[in-house]
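Novice: Quick one: the structure is below, and I'll ask about it shortly.
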Amino acid sequence: MPDSYSRRNFLKLSAALAVGGAAASLPGKAQAMGQKPGPDLGPATYVKGYCPFCQVRCTYHAEVRGGKIQQIIGDKGNRWTGGSMCPKGLSIVELMDSPHRLTEPMLKQADGSWKRISYAEAVALTAQKMRETLDKHGEKAGDRMGMLMPLWDCRESEMAALITLGMAGCVHTMPPGETCVSTAANMLNLMSGTSNPTTTVDQLTKAKVILLWGANLCELYPAYSRWLPMAKEKGAKILYVDPRRTRTSDWADIQLRPKPGTDGALVLGVIRFLLENQLLDEEKARELVPELDLLREDASAYTPEKVQELTGIAPAELEGFARAIAASDRTIVWFGGSVCRYTNGIPTVRGIILLQGITGNMIGEGRGVLTMHSGKPGGEHEFVEAMAGHVKAAKMNFRRLRLAMDKKRLDILFLNSSYRRYPDANGVRKSIQKVPFVVHCGFFMTPEAEVSHLFVPMTFGPESSGSGYGNEKEAVWRDKIVEAPGSCVPAWKFYGDVGKALFGEKYPYFDSPEAMYDKFCEIVPSWKGLSRKRVAASPDGLVWPIYEENGPELLGCTFREGKLGTADGTMVVKDRVFGRITWTPPKGSPYAKGSKPEFPLVFTQGKVVWHWQHTLTNYAPSLAQFSRGRVVSVHPETAKQCGVKDGDRVFLETPTGRLEAVAEVTSRVLPGTVFTPSHFCPDTPLDANRSEPVNSIVPNSWDRISCQHNGVGCRLVKA
Amino acid sequence: MSRYVMAIDSGRCINCKACIVACQQRNKVPGGKSRNWVREIDDESRKSGVSVQPGACMHCDHPVCVFACPTGATYKGPDGAVEVDKDRCIGCGSCIKACPYGARFKNDVTGTADKCDYCREHSAPGQIPACVAVCTTHCRVFGDADDPDSDVAKILASRKKVYVAAKDCDTRPTLTYLDATTPTDWPQAVDSPTPIKLMEYASTGVKWTAGAALAGVIGVFFKQLVLPSDREHGHTDEHQDKGGNA
């Protein structure tokens with residue numbers, strides 16, 4: 001150290017300080033308290049898949065890193081969704097990785113506890129039980145087995161289950177539609193000759209009027225909501241019929257809010273108004289509806305005043321609505337499941353379809369009927385018959401199957417979906433408990449797993465390959481995206497392995513969904529042009545049917561020859577089975593004769609965006625973050641009459657039972673009615689999604705086709 | 001240089017909240033937290049009875065979060081985005097308290113402040129923000145407002161621009177609502193935390209002291225450069241040198 005600074009020393013020191021200062025001023029790493037750097041998961045790959053929940057069948061690209069799906073990104077090329085998705089579809093990622101997921105087969109012990117068993121043991125036990133029934137009951141053994149559909153992962157799984165059960169002589173496979181939309185599908189078939197939607201969603205942009213009858217599109221099919229602004233931008237007017245003010249209301253030019261369960265009276269009122277005021281070309285109307293005079297008779301009592309008395313719709317509102325319909329020569333009606341969820345749904349659906357018929361809106365561009373019951377492509381029965389031999393027609397619906405359970409005439413039940421979807425859910429549970437062997441293919445410890453004897457863990461869609469289908473009758477394909485945990489298997493494998501164990505070499509075993517899909521296309525003529533390669537290459541699949549290899553997709557109106565698909569190309573007013581178009585209040589309704597005055601309110605339930613069915617989505621935290629738990633919406637006037645305030649704990653009571661809930665006082669429901677979301681689960685660890693089954697308080701009501709959930713009398717009592 | 005902004009047409013929102021879940025998934029947002037939102041208020045003037053207002057960080061031009069940050073980790077980038085440099089963030093929470101929109105939260109995994117970054121950190125090249133891509137009715141539009149061909153520039157040019165900013169706290173947000181949105185004055189000015197307030201006073205003194213010290217250092221530097229100590233005391237030095245050599 002020099003005694004004094006020389007210029008050289010000074011410059012050296014200055015330079016050193018400058019360098020040191022610069023180094024010190026560079027930002028340091030990881031300064032934050034508690035920071036935990038994440039692991040490097042390596043490069044991303046993107047694999048195509050599709051959502052398993054609602055019928056829109058959104059397609060996506062899954063971003064995979066480190067063997068796990070990190071995120072799901074809607075496929076921009078999907079013409080139906082434009083790449084959008086709803087929260088339910090996105091939740092698949094966390095459902096797959098849920099800490100509550102069950103991944104090993106389990107057998108219930110005599111004391112009610114569960115014992116872990118191997119997959120091979122689960123298959124052998126199931127085959128053994130079926131063999132015992134076959135040996136004991138011979139040709140009638142099939143009647144002692146039943147299955148609740150759907151199977152979640154892919155169409156090939158449904159097919160494998162149908163083949164295995166079909167070879168055992170069992171045809172009692174209960175479609176989920178029995179609990180919601182079968183009435184609509186059957187009536188559409190009766191009236192038009194097809195149970196599928198009669199046009200495709202893209203036709204909305206060619207319509208002048210879109211009539212959403214009970215179709216709360218923005219709540220149920222969020223990804224389809226984009227078609228509403230697109231249609232409006234092209235000049236379409238949107239009419240909406242729904243007792244509630246919903247997300248969809250904001251898109252409507254006119255909304256009518258009839259009392260729940262009175263839609264049939266409203267449609268007859270509209271038909272009468274059109275006929276009385278010569279707003280129809282009757283000659284043209286008779287081409288599709290030759291029995292127009294019978295329809296006139298059926299509608300004659302429904303004067304605007306009568307309609308007001310029954311539905312609460314004022315005559316001026318009715319007139320405006322009817323005139324808007326009359327003014328359009330290109331109308332698409334989209335009806336929701338809700339129109340047929342009352343015991344009087346059959347004449348309601350028929351009336352709406354007849355309204356389309358007499359206004360000339362069934363055939364052609366920008367016309368037709370859209371539904372919310374999916375567009376199931378055909379060919380399934382042809383294929384199952386080709387594989388399993390002759391398969392009898394089903395003799396039971398669930399009502400009869402339940403009776404068989406109660407009478408102990410059912411030995412085996414394959415419980416693949418929620419029993420809580422049926423009315424009188426607690427009674428249904430007791431019936432299931434009378435079945436000696438119940439197999440549940442599932443994911444979580446739900447009431448369905450609890451009530452079973454054997455639990456077999458299933459794969460979620462991305463864990464196996466397979467095809468699916470959606471609302472446009474489009475077939476879609478996904479490859480396997482990630483490995484399944486533990487002993488989870490796809491349902492096609494479980495049912496295939498059971499079939500092989502039962503029938504040996506006779507069983508048409510497919511060792512992959514690819515092999516089954518290819519065979520399907522080979523056997524079923526309407527699938528010739530839907531090869532796996534072609535479907536997989538498309539961002540949104542291909543619309544069935546395509547009869548020729550590389551043949552074009554047929555979009556738009558189903559009736560391409562200008563004629564309905566019914567035997568004589570016309571619509572029936574007086575049907576041999578279903579009679580005329582007559583309206584009566586829903587069974588058990590406070591409007592019905594002999595109703596119980598102690599239950600003066602009308603009960604309604606329905607889907608909300610955060611739930612799909614009673615099981616899977618209740619386990620997704622990303623959906624639970626929006627759920628408000630079991631709420632009951634009630635109008636301020638009604639709440640006042642019941643002595644209930646917003647946020648009060650209440651009991652929602654019907655003659656069948658009661659549920660505890662939180663009151664939501666809102667003008668979004670009509671006075672005299674209540675609404676509560678349908679799909680909770682009593683066993684989910686997520687508080688916001690936990691509640692006893694809503695159908696435990698719904699009486700076991702059926703129309704001639706399906707069970708019914710809405711319209712019964714109820715009351716609110718402060719808890 | 002691009003100028004990124006987000007425009008939102010509240011009237012098109014169906015309140016499905018897919019934007020929230022898509023964002024959480026894309027950005028690995030820990031459970032219970034969210035970078036964006038859809039506000040709901042009862043509104044009898046709407047047919048649904050509810051007004052909805054999707055939102056996220058407003059990427060303000062006068063960002064109080066930036067002023068509240070003691071380390072400079074939060075900054076307004078040249079392309080318009082307000083960003084958090086996680087390497088500089090100490091997770092003190094000052095910016096979180098300062099933001100009147102509640103757009104920030106502490107990420108329990110990273111330990112840092114977290115907020116909308118237009119999905120920059122977790123997107124593949126060319127990907128638009130997750131909330132924009134997932135929206136069924138295209139109520140969110142994102143892009144370079146200075147590129148006249150961009151969707152966002154076109155929509156901003158053709159629609160009335162509405163901002164959500166309280167009178168007592170105009171942060172000059174860049175997130176733009178189209179035509180109308182309800183409510184427009186919900187954010188409230190937020191009191192800075194006491195340590196930050198004290199730092200404001202202390203920083204003035206520190207600045208003056210540091211400035212005076214720096215001026216002194218520079219003065220000495222130039223003085224030494226022009227007239228080093230050895231020259232000033234040349235005679236003595238020479239004598240000492242000689243003596244030393246002897």
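Novice: Can you list the lysines whose alpha carbon is less than 19 Å from that of A:Lys480, not counting same-chain residues fewer than 8 positions off?
Specialist: A:Lys48, A:Lys68, A:Lys493, A:Lys533
Novice: Using a probe radius of 1.4 Å on heavy atoms only, what accessible surface per residue do you get for chain A? Whole Å² is fine.
Specialist: 38
Novice: In the stretch B:11-43, which residues have a backbone nitrogen under 15 Å from the label point lying 7 Å from B:Arg159's Cα in the Cα-to-Cβ direction?
Specialist: Only B:11-15 fall inside the zone, counting backbone N under 15 Å.
Novice: In addition: B:Val50's amide H: which non-local residues (gap 5+, or another chain) put their own amide H closer than 5 Å, with H modeled 1.01 Å from N in plane and none for Pro or chain starts?
Specialist: B:Asp43
Novice: How crowded by other chains is B:98-108, given as the mean number of beta carbons from other chains within 10 Å of each beta carbon?
Specialist: Mean shielding count: 1.
Novice: In whole percent, what relative contact order does the stretch A:249-320 give with Cα contacts below 8 Å and a gap of six or more residues?
Specialist: Reported as a whole number, the value is 45 percent.
Novice: I'd like the carbon and sulfur percentage of the solvent accessible area for the stretch B:1-139, probe radius 1.4 Å, heavy atoms only, ligands and nucleic acids excluded.
Specialist: 55
Novice: If contacts are Cα pairs under 8 angstrom and at least 6 residues apart, what is the relative contact order of chain B in percent?
Specialist: 24
Novice: Kindly state, to the nearest 0.05, the FRET efficiency for A:Arg131 paired with A:Gln109, given R0 = 35 Å and r defined as their beta-carbon distance.
Specialist: 0.95
Novice: Residues of chain B: accessible area per residue at 1.4 Å, in Å²?
Specialist: Averaged over the residues of chain B, the accessible area is 49 Å².
Novice: Okay, next question. For the pairing of chain A with chain B, what total accessible surface becomes buried, with a 1.4 angstrom probe, in square angstrom to the nearest 100?
Specialist: 4000
Novice: Here's another thing I want to ask about it. Return the residues of the stretch A:69-96 for which accessible area with all protein chains present is lower than in the chain on its own by 30 Å² or more; set the probe to 1.4 Å and exclude ligands, DNA and RNA.
Specialist: Residues passing the criterion (a loss of at least 30 Å², heavy atoms only) are A:Gln70, A:Gln71, A:Ile73, A:Lys76, A:Ser84, A:Met85, A:Pro87, A:Leu90.
Novice: Considering only DSSP beta bridges whose two residues both sit in chain B, what percent are antiparallel, to the nearest 5?
Specialist: Around 90 percent of the beta bridges assigned by DSSP in chain B are antiparallel ones.
Novice: Quick one: go through the stretch A:477-509 and flag any residue whose amide nitrogen is under 13 Å from the point 7 Å out along the Cα-to-Cβ line of A:Val47.
Specialist: A:478-485
Novice: Next question. Run lengths n ≥ 4 of DSSP H only: what is the helix-derived mean residue ellipticity at 222 nm for chain A, with -39500 (n - 2.57) per run over all residues, to the nearest 500?
Specialist: Value at 222 nm, helices only, nearest 500: -8500 deg cm²/dmol.
Novice: Let me ask something else. In the stretch A:231-277, which residues give up 30 Å² or more of accessible area once the other protein chains are added, compared with their chain alone (1.4 Å probe)?
Specialist: Residues of the stretch A:231-277 that lose at least 30 Å² of accessible area once the other chains are added: A:Arg245, A:Arg247, A:Asp250, A:Trp251.
Novice: Would you work out the relative contact order for the stretch A:601-718, in percent, from Cα pairs under 8 angstrom that are 6 or more residues apart?
Specialist: Computed value for the stretch A:601-718: 38 percent relative contact order.
Novice: Shifting gears a bit: Taking square-rooted eigenvalues a ≥ b ≥ c of the alpha carbon gyration tensor, is the stretch B:4-190 rounded, prolate or oblate, where a/c under 1.5 means rounded and, failing that, a/b exceeding b/c means prolate?
Specialist: Rounded.
Novice: Cα-Cα over 23 Å: which of A:Lys607/B:Lys17; A:Lys237/B:Lys17; A:Lys88/A:Lys234?
Specialist: A:Lys237/B:Lys17; A:Lys88/A:Lys234
Novice: A 27 angstrom limit on the alpha carbon distance is what I want to check against. Which of A:Lys76/B:Lys97; A:Lys129/A:Lys506; B:Lys47/B:Lys160; A:Lys395/A:Lys430; A:Lys232/B:Lys28; B:Lys47/B:Lys161 exceed it?
Specialist: Going by Cα-Cα distance, A:Lys76/B:Lys97; A:Lys232/B:Lys28 fall outside the 27 Å limit.
Novice: Can you quote the Å³ per residue value for the convex hull of the Cα atoms in chain A, rounded to an integer?
Specialist: 236
Novice: Still on this model: Could you pull out every one of the aspartates and glutamates with an alpha carbon less than 20 Å from that of B:Lys33, ignoring same-chain neighbours closer than 8 positions?
Specialist: Correct list for B:Lys33: A:Glu94, A:Asp97, A:Asp687, B:Glu83, B:Asp85, B:Asp108, B:Asp114, B:Asp117, B:Glu121.
Novice: Would you tell me the accessible area of B:Thr71, worked out with a 1.4 angstrom probe on the heavy atoms of the protein chains, in Å² to the nearest 10?
Specialist: The value for B:Thr71 is about 40 Å².
Novice: From the Cα gyration tensor of the stretch A:601-718, with a ≥ b ≥ c the square roots of its eigenvalues, which class applies: rounded if a/c is under 1.5, or else prolate if a/b is larger than b/c, or else oblate?
Specialist: oblate
Novice: Let me ask something additional. If the cut-off is a Cα-Cα distance under 17 Å, which lysines reach A:Lys563, setting aside same-chain residues fewer than 8 apart in sequence?
Specialist: A:Lys284
Novice: Give me the extension gain from A:Glu319 to A:Leu554: residue separation times 0.36 nm, minus the current Cα-Cα distance, reported in nm with one decimal.
Specialist: 80.9 nm
Novice: Could I ask something else about it? Considering only protein heavy atoms and a probe of 1.4 Å, how much of the accessible area of the stretch A:182-371 is carbon and sulfur, as a whole percent?
Specialist: Looking at the stretch A:182-371 in its full context, I get 44 percent from C and S.
The values are calculated or read from the model by the stated rules, or taken from the named source; none is laboratory data. The structure presented is a predicted model; accordingly, all values stated were derived computationally and were not measured. So basically every Cβ, Gly included, is an ideal-geometry build from the backbone, and we count neighbours across all protein chains shown. With ligands, DNA and RNA removed, areas are computed over all heavy atoms of the protein, side chains included. Shrake-Rupley method; radii C 1.70, N 1.55, O 1.52, S 1.80 Å.
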